1. In what order do 25, 18 fall by count of nearby beta-carbon atoms within 10 Å, going from fewest to most?
2. Please report how far the C-alpha centroid of segment 131-153 lies from that of segment 1-47, rounded to the nearest whole angstrom.
């Protein structure tokens, strides 16, 4: 049986606010349930919110969470041999969180709702987070986030060098 719940019930079950759910939909972390007071949320929304909360507890930024979710959905959508795989989005999420290679959804055993919800969502453009770092009043450096630790150290050195150069007397 497919889960169809209101926004208030989704928030109650997952412990997130209405504002947070709407923000996640806007940012492409959750598929849109439609608009208006009659919008209904399903199992895919519950599973996705639980996954997001888990990844947040691991202190991952939203950009990284989005990247992981998008990567997981691509694998689900491109590897669907008939009769093989798992039967629900919850099983898929559990496998991903356990660090196992993501198994394909089985369309013959009830996972079609989760897969069709994922495919019916409008394709999302790749979203990136950029940080603007002022080097001087007229110069700024743009950096995509998040960065690997080594790259972050290099960026820090670059910023320090640029600030030194711009603070030198003419």
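1. Values: 25 17, 18 11.
Fewest-to-most ranking of 25, 18: 18, 25.
2. The two parts, judged by their Cα centres, are 34 Å apart.
Since every read-out is calculated from the coordinates, none of them should be taken as a lab result. Bear in mind the structure is a predicted one, so any value in this text is a computation, not a measurement. Ideal geometry is used to build each Cβ from the backbone, glycine not excepted, and the neighbour counts take in all protein chains shown.
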